[in-house]
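Visitor: Before I ask anything, here is the structure I am working with.
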Amino acid sequence: FPSHDSQAVFKFKKIDFFLAAEVSYTTFWRKGNVINGLFPDQSDGISDRAKFINYSFKGGVTYKINGRNYLFANGMYITRSPFFENAFLSPRTRNTLANNLLSENEYGGEGGYLLKSPRIKARAVFFFTRFMNQTKTLSFYHDDVRNFVNYTLTGINTQHLGTELAIEAMIYKGFSASAAASIGRY
């Protein structure tokens, strides 16, 4: 089942907007070719299959104040399958999938101001993104047990919030100067 997506763009004198949607299906599994002594019953053969149906919606609007000044806002809601390397408790040694393995959810938006003049281009943007149900497998050397270990975390929620400013100015024929700044909390 390949992914299917659609997008519609509408342009008018003072307002442009777009809408987009996508549906996808993902399945993955692990095939162990060798029996691992630590996990003899879980390392060889084919694991259970992880299956996910995901979707995303995106949309945005641009208001044209005039030919050089614009206000815009974009938003999205996305679901996606967890990454393969995070879905297994120990992808190098066994076929065991993480408990509570769910699609990750993400929503967010951005809004701002654009200036597009012949000599100066500027952009000021505020953004926010919330990530939910993430899965992460961490591998590291554990000093107490004197071995490499894996910790798999599920249900991780994070957010990104911040602002970006950028400007580009034409100085002289073929020469320009650019500056950018970003302040965020991740």
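The values are calculated or read from the model by the stated rules, or taken from the named source; none is laboratory data. Please read all numbers here as calculations on a predicted model, not as lab measurements. Positions of Cβ are generated from backbone atoms using ideal geometry, with glycine treated the same way; all protein chains shown enter the neighbour counts. Accessible surface is based on the protein model in full, side chains and every heavy atom, while ligands, DNA and RNA are left aside. Shrake-Rupley method; radii C 1.70, N 1.55, O 1.52, S 1.80 Å.
Visitor: State yes or no: is V34 at pLDDT 95 or above and either over 27 Å from Q159 (Cα atoms) or open to solvent by 40 Å² or more (accessible area, probe 1.4 Å) (or both)? Give the derivation first.
Guide: Values: at pLDDT 95 or above: no; either over 27 Å from Q159 (Cα atoms) or open to solvent by 40 Å² or more (accessible area, probe 1.4 Å) (or both): yes.
No: the conditions fail for V34.
Visitor: Moving to a separate point now. Before we move on, is R130 charged (D, E, K, R) and under 21 Å from Y77 (Cα atoms)?
Guide: Here the answer is yes, as R130 does meet what is asked.
Visitor: Further, regarding this structure: Could you grab me the full set of residues in region 37-48 that are open to solvent by 70 Å² or more (accessible area, probe 1.4 Å) and either at positive phi or in contact with a helix residue (DSSP H, G or I) (Cβ under 9 Å, 6 or more places away or on another chain) (or both)?
Guide: Scanning region 37-48 gives no hits.
Visitor: List pairs: first in region 27-46 and assigned to a strand (DSSP E or B), second among the β-branched types (V, I, T), Cβ under 6 Å, 6+ apart or cross-chain?
Guide: K31/I46; N36/T93; F39/T93
Visitor: Select, from N86, N99, the only residue that is out of contact with any Phe, Trp or Tyr (no Cβ under 8 Å at 6 or more places or on another chain), surrounded by fewer than 17 Cβ atoms within 10 Å (Cβ to Cβ) and either of a type in the set (A, V, I, L, M, F, W, C) or not in a strand (DSSP E or B) (or both).
Guide: N99
Visitor: Given the structure, is E22 surrounded by fewer than 17 Cβ atoms within 10 Å (Cβ to Cβ) and of a type in the set (D, E)?
Guide: Numbers: surrounded by fewer than 17 Cβ atoms within 10 Å (Cβ to Cβ): yes; of a type in the set (D, E): yes.
Yes, satisfied.
Visitor: Out of (1) part of a strand (DSSP E or B); (2) open to solvent by 80 Å² or more (accessible area, probe 1.4 Å), what's the single condition that is false for D144?
Guide: (1)
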